[in-house]
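Everything on this sheet refers to the single structure shown next.
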Amino acid sequence: VQLVESGGGLVQAGGSLRLSCAASGRTFSIYYMGWFRQAPGKEREFVAAINWSVGLTYYADSVKGRFTISRDNAKNTVYLQMNSLHPEDTAVYYCPAKESPLPTVRWTAYGYWGQGSQVTVSS
């Protein structure tokens with residue numbers, strides 16, 4: 001599975017961005033796709049995940065109500081709509097995919113990763 005992300009950038013606090021992640025290759029094997037982020041000097045942290053077939057979604061408490069994960073199965077693409085952005089949302093955002101059917105917030109459970117997309121929120 002190959003994952004290509006797009007849509008990062010610089011935005012002011014309170015603004016919005018949408019990240020996209022296009023999957024190719026063995027997409028039939030994907031159960032979950034997600035978004036993780038990593039700020040400088042911090043651990044990689046779970047942001048959101050979505051079940052590829054039925055669309056069940058999971059969110060970190062820190063983004064619940066502000067971020068929305070969605071997918072377009074026809075385009076093999078997952079999105080992360082980020083609203084009401086805070087400076088603390090600044091990080092490199094990664095899109096991973098996993099082939100096992102259990103949802104998890106552990107980044108080590110995801111076997112395929114995109115290249116990362118920088119999101120910077122200015123105060």
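Looking for something hydrophobic (A, V, I, L, M, F, W, C), surrounded by 15 or more Cβ atoms within 10 Å (Cβ to Cβ), within 13 Å of the chain's Cα centre (by Cα) and closer than 25 Å to THR120 by Cβ - is there at least one such residue anywhere in segment 4-12?
Among the residues of segment 4-12, not one is hydrophobic (A, V, I, L, M, F, W, C), surrounded by 15 or more Cβ atoms within 10 Å (Cβ to Cβ), within 13 Å of the chain's Cα centre (by Cα) and closer than 25 Å to THR120 by Cβ, which makes the answer no.
May I ask you to list the residues in segment 6-42 that are charged (D, E, K, R) and either modelled with pLDDT of 95 or more or touching a helix residue (DSSP H, G or I) at 6+ places or on another chain (Cβ under 7 Å) (or both)? Break it down into steps so the answer makes sense when it comes.
Our first condition is that a residue be charged (D, E, K, R); within segment 6-42, this holds for 18, 26, 37, 42.
The answer is ARG18, ARG37, LYS42.
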Note on segment 22-53: residues open to solvent by less than 20 Å² (accessible area, probe 1.4 Å), closer than 18 Å to THR90 by Cα and in contact with a Gly (Cβ under 8 Å, 6 or more places away or on another chain) are VAL47, ALA48
Only one of LEU56, LEU85, LEU80 is open to solvent by 30 Å² or more (accessible area, probe 1.4 Å) and in contact (Cβ under 8 Å) with a residue 24 or more places away in the chain, namely LEU56
Every pair of residues 6+ apart whose Cβ atoms lie under 6 Å, when the first sits in segment 99-113 and is closer than 14 Å to PHE46 by Cβ while the second is at pLDDT 90 or above and charged (D, E, K, R) = TRP107/ARG44; ALA109/LYS98; TYR110/LYS98
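Please pick out the residue among VAL63, VAL54 that is of a type in the set (Val, Ile, Thr), part of a loop (DSSP other than H, G, I, E, B) and under 14 Å from the mean Cα position of the chain (by Cα). Spell out how you get there, then give the answer.
Values: VAL54 fails: under 14 Å from the mean Cα position of the chain (by Cα).
VAL63 is the lone residue from the list that is of a type in the set (Val, Ile, Thr), part of a loop (DSSP other than H, G, I, E, B) and under 14 Å from the mean Cα position of the chain (by Cα).
For segment 59-77, which residues satisfy the criterion of being open to solvent by 60 Å² or more (accessible area, probe 1.4 Å) and in contact (Cβ under 8 Å) with a residue 40 or more places away in the chain? I'd like the intermediate steps shown before the answer.
We begin by selecting, within segment 59-77, every residue open to solvent by 60 Å² or more (accessible area, probe 1.4 Å); these are 61-62, 64-65, 68, 71, 73-75.
Listed by number, the list holds a single entry, LYS75.
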Within segment 88-123, which residues are touching a Gly at 6+ places or on another chain (Cβ under 8 Å), open to solvent by less than 60 Å² (accessible area, probe 1.4 Å) and not in a strand (DSSP E or B)?
-> CYS95, TYR110
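The values are calculated or read from the model by the stated rules, or taken from the named source; none is laboratory data. This structure is a prediction, so every number in the text was calculated from the model and none was measured. When we count neighbours, we look across all protein chains shown, and the Cβ atoms used for this are built from the backbone with ideal geometry, even at glycine. Ligands, DNA and RNA are stripped out before the accessible areas are found, and what is left, the full protein with its side chains, is counted by its heavy atoms. Shrake-Rupley method; radii C 1.70, N 1.55, O 1.52, S 1.80 Å.
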